[in-house]
1. Grab the Cα-Cα distance for Asp170 and Thr87, subtract it from 0.36 nm times how many residues apart they are, and report the gain in nm with one decimal.
2. For the stretch 95-150, just say rounded, prolate or oblate: build the C-alpha gyration tensor, square-root its eigenvalues into a ≥ b ≥ c, call rounded for a/c under 1.5, and beyond that prolate if a/b exceeds b/c, oblate if not.
3. What residues of the stretch 36-72 lie in the reach of a label at Ser97, counting those whose backbone N is under 14 Å from a point 7 Å from the Cα along Cα→Cβ?
4. Would you please classify the overall shape of the stretch 17-102 from the alpha carbon gyration tensor, given that a ≥ b ≥ c denote the square roots of the eigenvalues, rounded means a/c under 1.5, and beyond that prolate means a/b larger than b/c while oblate covers the rest?
5. Report ³J(HN,Hα) in whole Hz for each residue of the stretch 101-114, in order, from the Karplus equation J = 6.51 cos²θ - 1.76 cosθ + 1.60 where θ = phi - 60°; Gly and Pro get x.
6. Can you spot the aspartates and glutamates whose alpha carbon is less than 12 Å from Lys59's alpha carbon? Ignore those fewer than 8 places along the same chain.
7. Between Thr31 and Glu70, what is the spin-label point distance in nm, taking each point 7 Å from the Cα along the Cα→C-beta axis?
8. In the stretch 184-210, whose amide N lies under 18 Å from the spot 7 Å out along Cα-to-Cβ of Arg221? List them in ranges.
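Please treat every number below as a calculation from the coordinates, not as lab data. Since the structure is predicted, the reported quantities are computational estimates derived from the model, not experimental observations. Virtual Cβ from ideal backbone geometry, glycine too; neighbours counted across all protein chains shown.
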Amino acid sequence: MNHNETIVDNSAHRVFVSVVSHGHENHIINTLEPHRWLTEGRGIIPAILSNLPSPELRKYCENYGITYIENSQPLGFGANNNKVFQTLKPSYGVSDSDFFFVINPDIQTSGRDIESIADQMHKEQLPIAAPNLVSSNGVPEDNIRTFPTLLDCILRFTLKSKRSCIEKTDTTKTQKVDWAAGAFMAFRASSYMAVNGFNEKYFMYYEDADICRRALKNGLRTYYLPTISAKHLAARNSRKIFSRHLIWHVESAVRFTLAR
C-alpha cells in the first residue's frame with residue numbers, strides 16, 4: 001500500500017440497500033424487516049421501491065423513516081435498482097467509500113450481517129461480493145456461477161443441469177467467481193458507478209451476470225463470501241412452463257450468451 005494513500009475507517013462508510021417490491025409487502029414487512037437494520041447495523045440506509053403504488057409499504061416506510069419510491073408503471077429488475085441508486089445518490093451524497101446492496105424481498109438477513117459484508121469488502125478491497133445463500137432449510141443454493149454458454153442455459157431449462165454452477169465447499173476463504181445471483185449482491189458504490197449500474201435492456205434475469213461480466217472487463221472482480229450466509233425463500237417462477245417469467249428468462253439467456 002502507498003503510505004500516502006488516505007485510509008478510510010470502517011465507521012466512515014455507509015451501506016445503501018435497495019429492495020424492490022412486486023407485491024411483496026408481506027415479505028418485506030414481516031420477513032425481511034429492513035426497519036431492524038437501522039439499529040442492528042452501523043450506517044445502513046435502506047430504500048424500498050414498489051413497482052406499483054402500495055399504500056401499505058408507503059405507510060411502513062413513513063413509520064420508520066425509510067426512503068420509499070414507487071412506480072406508476074412496472075419496470076424491470078435492473079431499471080428499478082438503478083432508479084433507487086439514482087434517487088439516493090443526490091439525496092445522500094453517495095461517495096466512493098460507500099456501498100450499494102441489492103437485496104430481494106424474499107431474503108432473510110440482518111443488519112449485523114449486512115454490516116459484516118461491507119466491513120469485509122472494505123478490508124479486502126472487494127468491488128462486488130455475494131454471501132452464501134441457503135434455502136429456508138439451510139441447504140446451500142447455487143448463487144455463484146461461471147458465465148454460461150447457450151448450451152448451459154438450455155440444459156439448465158430442460159434437464160436442470162448445473163454445469164455452470166460452482167460447488168460450494170467447506171472453504172472459509174474469500175474466493176473469486178464469475179458472477180453472483182441478483183437476489184443478494186453487494187457493490188462498492190464506486191464499482192456500481194464505474195459500470196453505470198445494471199443494463200436496462202434486460203427486463204429480468206441475467207442482468208446480474210451481465211453486470212459482473214461488464215465489471216470484469218473493467219478489472220472489477222466478483223467475490224464469494226462463504227462465512228456470511230442469508231436465507232433465500234425463492235419462488236422459482238421461471239421454472240413454471242409457459243409462464244411469462246420463463247419467457248423473460250429465455251430471452252435474457254439468449255441476449256446474454258450472444259453478447260459475448
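1. On the way: separation 83, 0.36 × 83 = 29.88 nm, distance 3.94 nm.
That works out to 25.9 nm of additional length.
2. Details: a/c = 2.07, a/b = 1.27, b/c = 1.63.
Oblate.
3. So the set is 43.
4. oblate
5. Result, rounded to whole Hz: 9, 10, 10, 5, x, 8, 10, 10, 8, 10, x, 5, 6, 4.
6. Glu25
7. Between Thr31 and Glu70, the label points sit 2.2 nm apart.
8. 186-188, 191-192
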